[in-house]
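Quick note: the coordinates plus some simple rules give every number you see, no bench work behind them. Just so we're clear, the structure is a prediction, and the values are computed from it rather than from any experiment. Every residue, glycine as well, gets a Cβ built from its backbone with ideal geometry; the counts of neighbours run over all protein chains shown.
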Amino acid sequence: MIKIGVELGERSYEIVLGTGILHQIGEVMKSMEVSGKTAVVSNTTVFPLYGAPVVDSMKDAGFEAFPVILPDGEEYKNLDVLTRLYDELLGIGLDRKSAVIALGGGVVGDIAGFAAATYMRGIAYVQVPTTLLAQVDSSVGGKTGIDHAAGKNMIGAFWQPKLVWTDSETLRTLPERQLLAGMAEVIKYGIIRDKDLFGYLELNRERILSRDDETMLYLIRRSCGIKAEIVSKDERESGLRAVLNYGHTIGHAVETVTGYTRFLHGEAVAIGMLLEAELAARLGLLSSAEVEKIRGLIESFGLPSGIPDDIDSSALLSSMQLDKKALGGALRFVLPERIGKVRIQTVATKELMRLFRD
Ligand SMILES: NC(=O)c1ccc[n+]([C@@H]2O[C@H](COP(=O)([O-])OP(=O)(O)OC[C@H]3O[C@@H](n4cnc5c(N)ncnc54)[C@H](O)[C@@H]3O)[C@@H](O)[C@H]2O)c1
Ligand SMILES: [Zn+2]
């Protein structure tokens, strides 16, 4: 097993990575300040695959474990489903010493985490992420929440888990498109912080596509290590944590103008990462050879790398300006200076217009 610490004073916790470790979670939770009843929150796709080892392990360790199964999909990360979740947690009789276990991808993690953050003013929760995106990104860092008609993740809280328990075996059943979308976030870590990881991805494509456990654990370890370090220094995104948004300023705009139906989040981030690299090159920050390396890696994982012709660039621009990162007329971007290093810089609107036009 591999352990990575997220250092946040009294809110510190461990990310534990391994292969075939789901059935050991109960033992580990015995040593935590949790007692009695626990809720295993999952969805209709993930629970039939991985619910039994988690629930059984909790029971073997002396807990009462109650499954709570949500419908599957981002469209259910909303207030109605959250209300039903509260009803279930109250019905089970969870108390202040109880814990919630979030078993699933980022959707389950975000909504179950937010329920834990707010139930009886906050109870313990544990992330058991089962998508690559959740394993390298959403399960770490304590951002929880739900969507609102006005926008994604509009209602939420920072609430750190007590433990992240990641089993690489769960990736074997993940649909390939989801795996590749998660790879976009892994590529992101390479570009912002870790050129060795970037090089590793270039060399190990086949092993990644076949979900070789050792290879996947390496990727997850490097990714979580970077995220843990950044979150430890800037838990609430007042500065440094913003570097994790590389590719996301344009990526979010692509998701918004396509109504969140055409691209998975990671696919939109892939488009955003390449465009933001091109932007960095136009501004003289990044060499065109490095832009091509980024393009090559993104395309080698079958991820989209350009904005489709039918997307209107002025719609993209206004969506970015409405986004929370806009500052007056200029927009803030995370721009690579080389693979492994980024800086944050404001970019004038006319520069973006040129980027989209050419
Ligand atoms: N909290 C954060 O810091 C943070 C960061 C990034 C993204 N997010 C959020 O995460 C969500 C996206 O997460 P996601 O990409 O994991 O999507 P998801 O949770 O919708 O999972 C994708 C699909 O894969 C299925 N699935 C999950 N694990 C599986 C497995 N092992 N085998 C087979 N199928 C499996 C799910 O049921 C779902 O159908 C978004 O809501 C986003 O806002 C949060
Ligand atoms: Zn992302």
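One table, with the values for the structure above:
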quantity	calculated
Rounded to the nearest 20 debye, dipole of the chain from Cβ charges on Lys, Arg, Asp, Glu	880 debye
Simple Cβ-charge dipole of region 133-290, Lys/Arg +1 and Asp/Glu -1, about Cα centre, in debye nearest 20	280 debye
Cα gyration tensor category, rounded, prolate or oblate, for region 291-358 with a/c compared to 1.5	oblate
Protection proxy ranking, peptides 235-243, 211-219, average beta carbon neighbours within 10 Å, highest first	211-219, 235-243
Cα-based Rg and Dmax for the chain, where Dmax is the largest Cα-Cα distance (Å)	20.1, 63
Span-rule helices in the chain, defined as complete DSSP H runs reaching 20 Å or more along the axis (Cα) with Kyte mean at least -0.5	46-60, 176-193, 213-233, 265-282
Anisotropy class of region 17-143 from Cα gyration tensor, a/c 1.5 cut	rounded
Pairs of Lys in region 236-358 closer than 25 Å at Cα, counting only those 8 or more apart or on different chains	5
12 Å beta-carbon shell around L335, net charge (K/R +1, D/E -1)	0
Partners for K59 among lysines (Cα-Cα distance below 29 Å; same-chain residues under 8 apart left out)	K3, K30, K37, K77, K97, K143, K162
Between region 173-203 and region 256-326, the alpha-carbon center distance in angstrom	16 Å
Over region 214-358, relative contact order from alpha-carbon pairs under 8 Å, at least 6 apart, %	22 percent
Percent RCO, i.e. relative contact order, over region 41-142, from Cα pairs under 8 Å lying at least 6 residues apart	27 percent
Percentage relative contact order, the chain, counting C-alpha pairs under 8 Å, at least six apart	14 percent
Of P336, F63, L22, farthest towards positive along the dipole that unit charges on Lys, Arg, Asp, Glu beta carbons give the chain	P336
Computed helical MRE - 222 nm, the chain, DSSP H runs ≥ 4 contributing -39500 (n - 2.57), nearest 500	-14000 deg cm²/dmol
